[in-house]
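To start, the structure itself, in structure tokens.
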Amino acid sequence: MEKEPGPDAVFAAKLAEGVFEIQKCGSCGTHVFHPRVICPACGSANLEWVTPSGKATVYARTVVRRKPERGGDYNVVLVDLEEGVRMMSRVDGVAHDEIAAGLKVIASIGEGADGQSAVVFRPEGGAG
Amino acid sequence: MSLRGKAAIVGAALAGCGEAHGKSAMEITVEAVQGALADAGVSLCDVDAIATCQPLDMLSGLTLAQELGLNPRFAMNNRMGGSSFLSHTLWAATLLELRLADTVLIAYGSNQRTASGKLMTALGLPTYEAPYRPMFPLSSYALAADRHMTQFGTTREQLADVAVAARAWAQKNPEAFVRNPLTREDVIASRRVSDPLRLRDCCLVTDGGGALVMRRAETAKDHPRPPVYLLGGGEGTTHRDISEMPDLTVTGAVQSGAAAMEMAGVRPSDIDVVELYDAFTINVILFLEDLGFCRKGEGGAFVESGGIAPGGHLPVNTNGGGLSCVHPGMYGIFTLVEAVRQLRGEAGDRQIDSAELALAHGNGGVLSSQVTNILGTEATL
Ligand SMILES: [Zn+2]
């Protein structure tokens, strides 16, 4: 059997190329994030990569308070993707205090803390 | 076969709480061990199983054996975070009941305050959270608090009242680290850290250690102090990282509490005194709901305006908790030591009248591991 990278490495490689994909279980149909070897719903190893719609809803939000000289405040959210999986992220393009559970957001590829590609969100229908 | 009443805590002690200048984590741990052995009237050479979990020492079970000069039959080091010690008691009772061990020592110690002044942990941020820079572990609890407020209308004031109650208890405890008055307004005016949590929603960073000695019930009365029996215990593990927690308003305490109470044959309304792992104010609200002291979503109202303070409807965290008494990185063992003191009637000004049944509850990770112990006096057997 040929040696292939694990799902973490596959996800990271796709993301580095600007592609955001999650897994879907071929056995029970459950979408899966974070990337895994087996489906947490049924245990099947039959997971395939699919492109999510990018539509999501904020589930919970916090604002980390930092002095301006230390980079200033930033938000951290949990969002629920339309496909039924949750992920940590941040919402750009809107004041921190306007982000709340229920806010409809859409995914794009942005930059994470380490400067590498990361999935981030913007308000749906918001300015660009 | 049930573990109900099969084993008892026969010795308990604290050491180095607050500031223990110039001492290492293991030195504080060993001092707590000395205290617990003396309290139990047990010789070190009688200890044949040990349990610990230290945040910066992956092999702390081995280190403890080495520092005590022991060659134990079992050196337990299960690492679920701050809840570990409430799991250690369950495994201790199991070893005792199976006669695989006769005297089990459970111990913890940390010098987090004098060594660094902040939480010391070997944990890094999870791969799928690190890009967004959540404060670890604070932002995880902040997200849970935000969700609870959104979903149930829990208020900022109600969160504050958890800290105010802890301080009121601490004022009755001469061993508590912070005892000056604290009002709801003080909490709400304290520095924002990770919304909605503010500085006074967060546990202390102190030094401190604790230790327990456990023996089989049949020999538990051969010791100087009244035995405190382990009547029930249970665990619940729902996730490791907050982004993987199925519902941020429901913790594994639902599972751990139900299992512990079923084993003990008690209901929440039977419990006289409650010791919960209050790393942050939201914890107490979540655990009171999940352990069945109130309904889901009603935890805020339950703690409001002194509900869990001295004179309230349920005494919670009678030592002042991690919020005002002691929090050296992992608080689990301190819930047990305070429960023991209450059940022995040794709690001084904060003593709950005729306390016979206590619930101690530990939290590990970011609401990830929940472990509940039900403890009782001889009258509850
Ligand atoms: Zn599946």
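The values are calculated or read from the model by the stated rules, or taken from the named source; none is laboratory data. Since we're looking at a predicted model, the values are computed, not measured. Cβ sites come from the backbone with ideal geometry, for glycine too, and all protein chains shown count toward neighbours. Surface accessibility is based on the protein's heavy atoms, side chains included, excluding ligands, DNA and RNA. Shrake-Rupley method; radii C 1.70, N 1.55, O 1.52, S 1.80 Å.
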Exercise. What's the center-to-center distance, using Cα atoms, between the range A:61-128 and the range B:50-67 in Å?
Worked result: 40 Å
For this session: Just order B:97-110, B:143-156, B:19-32 by mean Cβ neighbour count inside 10 Å, highest at the front, would you?
Result: B:97-110, B:143-156, B:19-32
Exercise. Given the C-alpha centroids of the range B:279-354 and the range B:123-147, what is the distance between them in whole angstrom?
Worked result: 25 Å
Seminar exercise, completed: Quick note, the range B:293-334: a/c under 1.5 would make it rounded; otherwise a/b > b/c is prolate and the rest oblate (a ≥ b ≥ c, C-alpha gyration tensor); here it is prolate
For this session: Quick one: grab Rg to one decimal and Dmax as a whole number for the range B:123-240, Cα atoms only, in Å.
Result: 19.5, 56
Exercise. Per residue of B:132-138, how many C-beta atoms from partner chains lie within 10 Å of its own C-beta, taken as a mean?
Worked result: 6
Seminar exercise, completed: Env charge @ B:GLN351, Cβ radius under 10 Å, K,R +1 / D,E -1, value +1
For this session: Excluding B:VAL178 itself, calculate the net charge of residues whose Cβ lies under 11 Å from the Cβ of B:VAL178, where each Lys or Arg counts +1 and each Asp or Glu counts -1.
Result: +3
Exercise. To the nearest 100 Å², how much accessible surface do chains B and A cover up together, summed over both, with a 1.4 Å probe?
Worked result: 2400 Å²
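Tally the DSSP beta bridges in the protein assembly as shown and give the antiparallel ones as a percent, rounded to 5.
Numbers: 69 of 82 bridges.
Percent antiparallel among DSSP bridges in the protein assembly as shown is about 85.
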Problem set entry | Hz values of 3J(HN,Hα) by residue in the range B:202-207 - Karplus curve (6.51, -1.76, 1.60), Gly and Pro given as x | 9, 5, 5, 10, 10, 8
Exercise. Roughly to the nearest percent, how much of the accessible area of chain A is carbon and sulfur, given a 1.4 Å probe?
Worked result: 48 percent
Seminar exercise, completed: Cα-based Debye curve of the range B:17-139 sampled at q = 0.09, 0.20, 0.21 Å⁻¹ gives log₁₀ I(q)/I(0) of -0.30, -1.14, -1.22
Exercise. What's the extension gain from B:LEU59 to B:ALA122 if we count 0.36 nm per residue and subtract their Cα-Cα distance?
Worked result: 21.4 nm
For this session: Find the all-direction average of the projected area of the Cα convex hull for the range A:55-126, expressing the result in square nanometres with one decimal place.
Result: 4.8 nm²
For this session: With the convex hull built on the Cα atoms of the range A:7-50, state its orientation-averaged projected area in nm².
Result: 2.6 nm²
Problem set entry | Lysine pair count for the protein assembly as shown [Cα-Cα under 20 Å; pairs on different chains or 8 or more apart] | 8
Exercise. With the other protein chains left in place, how much accessible area per residue, in square angstrom, belongs to the protein assembly as shown at a 1.4 angstrom probe?
Worked result: 39 Å²
Exercise. What does the average come to when, for each residue of peptide A:112-119, you count the partner chain Cβ atoms lying within 10 Å of its Cβ?
Worked result: 3
Exercise. If you average 1/r over all unlike Cα pairs in the protein assembly as shown and invert the result, what Kirkwood radius do you get in angstrom?
Worked result: 23.6 Å
Exercise. For B:ASN180 and A:ARG70, what does the FRET efficiency come to when R0 = 41 Å and r is the distance between their Cβ atoms, rounded to the nearest 0.05?
Worked result: 0.90
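Once you have a ≥ b ≥ c as the square roots of the Cα gyration tensor eigenvalues for the range B:321-381, tell me rounded if a/c is under 1.5, and otherwise prolate or oblate according to whether a/b is larger than b/c.
Note, shape of the range B:321-381 comes out oblate.
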Problem set entry | Test item: B:193-206 mean partner chain Cβ contacts at 10 Å | 2
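Going by average Cβ neighbours within 10 Å, how do the peptides B:161-169, B:332-340 rank, with the highest at the top?
B:332-340, B:161-169
Please give the length that would be gained between A:ALA41 and A:ALA100 if that part of the chain were fully extended, namely 0.36 nm times their separation in residues minus their C-alpha to C-alpha distance (nm, one decimal).
In short, 18.4 nm is gained.
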Seminar exercise, completed: Of the range A:1-36, those with amide N under 11 Å from the point 7 Å along the Cα→Cβ vector of A:ASP114 are A:12
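When every alpha-carbon pair in chain B is counted, what percent end up more than 32 Å apart? Could the numbers behind the result be given before it?
Values: 17825 of 72390 pairs.
When all Cα pairs of chain B are counted, 25 percent exceed 32 Å.
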Exercise. For chain A, which span is the longest to avoid every loop-located (per DSSP) member of GluC sites (Glu not before Pro) having at most 11 other Cβ atoms inside 10 Å?
Worked result: A:18-128
For this session: Please report the base-10 log of the normalised intensity I(q)/I(0) for the range A:1-96, using a Debye sum with one equal scatterer per alpha carbon and no solvent, at each q in 0.18 (1/Å).
Result: -0.90
Exercise. Taking only DSSP H segments of four or more residues, each worth -39500 (n - 2.57), what value at 222 nm results for chain B once the sum is divided by all its residues, to the nearest 500 deg cm²/dmol?
Worked result: -9500 deg cm²/dmol
